[in-house]
Amino acid sequence: MTQQSNLSRLKNIRIVLVNTSHPGNIGAAARAMKNMGLATLYLVDPKEYPSLEALRRSAGAIDILDNAIVVSDLKQAVAGCVWVAGTSARLRTIEWPVYEPRQCIQKALENIEQGEIAVVFGRENSGLSNDEMEKCNALLHIPTNPDYSSLNLAAAVQVVCYEFRLALMDEKTAKVKGKKHYQDVLADANQLEGMYQHLYEALDHLGFFGRNNPDVMMRRLKSFFKRANTTQREVSIFRGIYSAILGRKIKRQEKVGKAEKLS
Ligand code: SAH
């Protein structure tokens, strides 16, 4: 495989900026992407966009800005992606697999044959919420001075894009990753969301949550499914199980209904 064809995989990587306050950071992120050969930018509800300041700071990466896709929530930005990393300056108390950029990008590249992957960046003042992190398979943390851990948004985008480029320039890595093939296609973000909702309904029906907080329980279960790289076929099997559980509910209700009529 030639270096160029490896590098063409950069087109399968989405950079997603959530709720960016400063349009200058959007421009600087576009510049960072173009320097490294990435092209697909999603903007989730930016505070000010389009913007002259973004154009100015993009230093000529106007094509990236012109083609940027503006959406209203993160769900739309990662729709169709088979693997999503959320970036954070802070390590969270909830368990996500946490990777440094190099490891994270190796993980991401294991899935790149399957479809698009996304790296999500948070707000300048508050980063990504836990709800947003839940849409991600892993947390990418750039190791920094613990007393001063937060990079400028565009600087964080630069580090990540650089690591993608380095990884794809390394022919050995690309070959190994290219060899990996799946029997089945990975489930995308929407398919997983649908399965989680179904799982919630089934567990709720079984009375499984009891005194447990359903949000915490669901968060742990989602974290498990993300780590497992769940495939589309597996999603179908699990949904079949949940339907069977819920179907039993319907059948049981029908029986109760019939019994009531008889008595
Ligand atoms: N005050 C925020 C920091 C936001 S910095 C917080 O505590 O989360 C804006 C964004 O840049 C972050 O949401 C993240 O996407 C990225 N970023 C900044 N520093 C980072 C780091 N050390 N590792 C990974 N991403 C980082």
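The values are calculated or read from the model by the stated rules, or taken from the named source; none is laboratory data. Predicted model, so just to flag it, every value in this text is computed and none were measured. Cβ sites come from the backbone with ideal geometry, for glycine too, and all protein chains shown count toward neighbours. The accessibility values were calculated without ligands, DNA or RNA, using every heavy atom of the protein model including side chains. Shrake-Rupley method; radii C 1.70, N 1.55, O 1.52, S 1.80 Å.
Take the Cβ atoms of Met169 and Asp66, set R0 to 35 Å, and the FRET efficiency comes out at 0.85. Computed from backbone phi, the HN-Hα couplings of region 48-53 come to 9, 6, x, 7, 5, 5 Hz, rounded to whole numbers (Karplus: 6.51 cos²θ - 1.76 cosθ + 1.60, θ = phi - 60°; Gly and Pro given as x).
Computed over the chain with a Gaussian network model linking Cα atoms closer than 10 Å, the most mobile of Gly122, Gly210, Gly24 is Gly210. Rounded to the nearest 20, the Cβ-based charge dipole of region 1-78 about its Cα centre (Lys and Arg +1, Asp and Glu -1) stands at 260 debye. Indicate the gyration tensor shape class of region 193-236 (rounded, prolate or oblate), computed on the Cα atoms with a ≥ b ≥ c the square roots of the eigenvalues: a/c under 1.5 is rounded; otherwise a/b larger than b/c is prolate and the rest oblate. Because a/c hits 1.5 or more and a/b fails to exceed b/c, region 193-236 counts as oblate.
A Cβ-based charge dipole, computed about the Cα centre of the chain with Lys and Arg at +1 and Asp and Glu at -1, lands at about 840 debye. Highest-first packing order for the peptide set 133-146, 54-67 is 133-146, 54-67, based on the mean count of other beta carbon atoms within 10 Å.
With all protein chains in place and a 1.4 Å probe, the accessible surface of region 3-169 carries 49 percent carbon and sulfur. Extension gain, Glu234 to Asn35: 0.36 nm times the residue separation minus the Cα-Cα distance gives 67.8 nm. Here the chain is described by how far its Cα atoms reach on the three principal axes: 80, 42, 37 Å, from widest to narrowest. Under Stokes-Einstein, with the Kirkwood radius over Cα pairs as Rh, the value for region 36-148 at 20 °C and 1.002 mPa s is 139 µm²/s. Projected label points at Tyr162 and Arg102, each 7 Å from Cα along the beta carbon direction, are separated by 1.3 nanometres. Solvent exposure of the chain amounts to 53 Å² per residue of accessible area, where only protein heavy atoms count and the probe is 1.4 Å. Taking each of Lys75/Lys107; Lys11/Lys135; Lys11/Lys75; Lys34/Lys75 in turn, the alpha-carbon distance tops 23 angstrom for Lys34/Lys75. Our helix-only sum for the chain, with -39,500 (n - 2.57) per DSSP H run of n ≥ 4 divided by its residues, gives a mean residue ellipticity at 222 nm of -16000 deg cm²/dmol.
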